[in-house]
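One structure is given here, and the rest of the page talks about it.
The values are calculated or read from the model by the stated rules, or taken from the named source; none is laboratory data. Just so you know, these numbers come straight off a predicted model, no measurement behind them. A quick note on method: Cβ atoms are made from the backbone with ideal geometry, for glycine too, and the neighbour counts reach across all protein chains shown.
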Ligand code: AMP
């Protein structure tokens with residue numbers, strides 16, 4: 001096993017806040033970061049040693065980037081898989097292009113999960129109005145129609161209730177490949193952040209509870225208010241997925257805790273995740289440091305939680321409350337350095353800490 005020692009340069013594809021917080025954690029361990037992003041003045045670039053501004057399809061720029069880094073990772077999953085595959089021929093990319101390929105495609109993802117014995121809601125592949133009608137008959141209503149690729153924060157989704165909704169929903173989705181999922185009557189949404197090191201060791205954080213506004217994560221409550229048995233099950237599921245994916249890096253596993261006590265996996269993200277931001281302030285090792293440790297072949301850090309926490313996202317105009325937040329004891333403010341406030345844009349977050357109760 002080759003260790004990428006402190007002092008080396010880590011490449012990060014993507015320039016958003018996840019890359020920014022990864023670069024900050026990397027710097028704390030003595031690494032430099034080189035960020036590859038199409039966007040000028042990206043949040044990651046503001047804290048990275050080096051920046052390449054180029055499109056993800058620019059093979060020459062990717063090759064030059066590869067030559068300058070010891071290992072590469074990515075901070076969002078909508079990077080073309082073939083670009084990552086090409087990059088991986090030149091430098092280790094962690095998590096692998098295969099993991100990225102599974103997580104980019106909702107059908108591949110759910111098929112993989114079921115194959116390894118992890119429960120999801122029922123689903124069918126849909127590629128025409130006629131196959132949507134058949135899937136609807138098989139799964140019942142309500143059901144959720146989603147694009148197979150490039151969906152996040154609820155984009156590219158339609159709720160189907162009645163049979164009469166079908167044609168309109170198919171037209172409105174405007175995608176060639178889609179998935180219809182049986183609607184889950186969940187008690188709450190939870191997630192587990194899990195890391196797997198180069199040595200195969202796995203570390204999972206505690207399950208947390210997530211609530212959304214307009215399909216965007218609004219708040220994470222730590223720990224999740226679910227029975228201990230369900231929490232243990234959620235953690236075990238996340239560990240199993242990390243193992244079966246042969247993951248090297250960090251993975252977020254989003255799950256539904258259903259009314260009947262079942263834990264169903266909804267989605268995987270092979271990177272640090274918004275629902276893991278609380279780990280910066282409430283854990284010995286944050287999800288970002290854990291990513292650096294995993295991809296550099298270092299031992300994983302402890303995932304113990306030393307405080308209870310609530311993470312509140314600051315979306316759009318919410319960020320204007322920063323002066324008030326700074327005056328609150330127990331509030332830890334994180335701003336992402338985005339100049340322009342836009343509706344729905346993640347501008348920062350606050351972690352509210354309280355003494356650990358259980
Ligand atoms: P996703 O893009 O798959 O993470 O979905 C975004 C949000 O839509 C989830 O966090 C849920 O709140 C809701 N959702 C997605 N799929 C389902 C489903 N099959 N049943 C019920 N709610 C869902």
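Things to note:
- Tallying residues that are out of contact with any strand residue (DSSP E or B) (no Cβ under 6 Å at 6 or more places or on another chain), assigned to a loop (DSSP other than H, G, I, E, B) and crowded, with 19+ Cβ neighbours inside 10 Å within the range 233-247 yields 0.
- Residues located in the range 194-214, provided they are assigned to a strand (DSSP E or B) and within 15 Å of the ligand (Cβ to nearest atom): 208, 209, 210, 211, 212, 213
- Hey, residue 174 modelled with pLDDT of 90 or more and either surrounded by 17 or more Cβ atoms within 10 Å (Cβ to Cβ) or more than 16 Å from the ligand (Cβ to nearest atom) (or both) or not: no
- For the range 5-37, the tally of residues that are farther than 19 Å from residue 81 by Cα and part of a strand (DSSP E or B) stands at 5.
- Criterion violated by residue 225 - all others in (1) more than 17 Å from the chain's Cα centre (by Cα); (2) outside any loop (DSSP other than H, G, I, E, B); (3) away from the ligand (no atom under 16 Å from the Cβ); (4) farther than 26 Å from residue 97 by Cα satisfied: (2)
- Residue list for the range 163-180, filter: outside any helix (DSSP H, G or I) and either touching a residue at least 60 places away in the same chain (Cβ under 8 Å) or farther than 14 Å from residue 139 by Cβ (or both): 174, 175, 176, 177, 179
- Condition check for residue 85: assigned to a helix (DSSP H, G or I), surrounded by fewer than 19 Cβ atoms within 10 Å (Cβ to Cβ), within 16 Å of the ligand (Cβ to nearest atom) and outside the structural domain of residue 236 (by TED's automatic domain parsing): no
- Among the residues examined, residue 100 qualifies as away from the ligand (no atom under 16 Å from the Cβ) and modelled with pLDDT of 95 or more.
- Scanning the range 261-282 for residues that are within 14 Å of the ligand (Cβ to nearest atom) and in a loop (DSSP other than H, G, I, E, B) turns up 262, 273.
- Lone qualifier among 217, 145, 159, 139 - being without any contact (Cβ under 8 Å) to a residue 40 or more places away in the chain, closer than 24 Å to residue 257 by Cβ, buried (at least 17 other Cβ atoms within 10 Å of the Cβ) and within 13 Å of the ligand (Cβ to nearest atom): 145
- Among the conditions (1) modelled with pLDDT of 95 or more; (2) within 28 Å of residue 180 (Cβ to Cβ), the only one that residue 260 does not satisfy is (1).
- Leading residue by the ranking (nearest to residue 66 (Cα to Cα)) among those in the range 18-37 that are crowded, with 24+ Cβ neighbours inside 10 Å and out of contact with any helix residue (DSSP H, G or I) (no Cβ under 6 Å at 6 or more places or on another chain): 37
- Qualifying residue in the range 301-312 (condition: free of Cβ contacts under 8 Å to residues at least 24 places away in the same chain, closer than 30 Å to residue 249 by Cβ and in contact with a strand residue (DSSP E or B) (Cβ under 7 Å, 6 or more places away or on another chain)): yes
Residue-wise test of (1) over 30 Å from residue 226 (Cα atoms); (2) over 26 Å from the mean Cα position of the chain (by Cα).
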residue: 113; (1), (2): no, no
residue: 117; (1), (2): no, no
residue: 122; (1), (2): no, no
residue: 147; (1), (2): yes, no
residue: 172; (1), (2): yes, yes
residue: 180; (1), (2): no, no
residue: 185; (1), (2): no, no
residue: 191; (1), (2): no, no
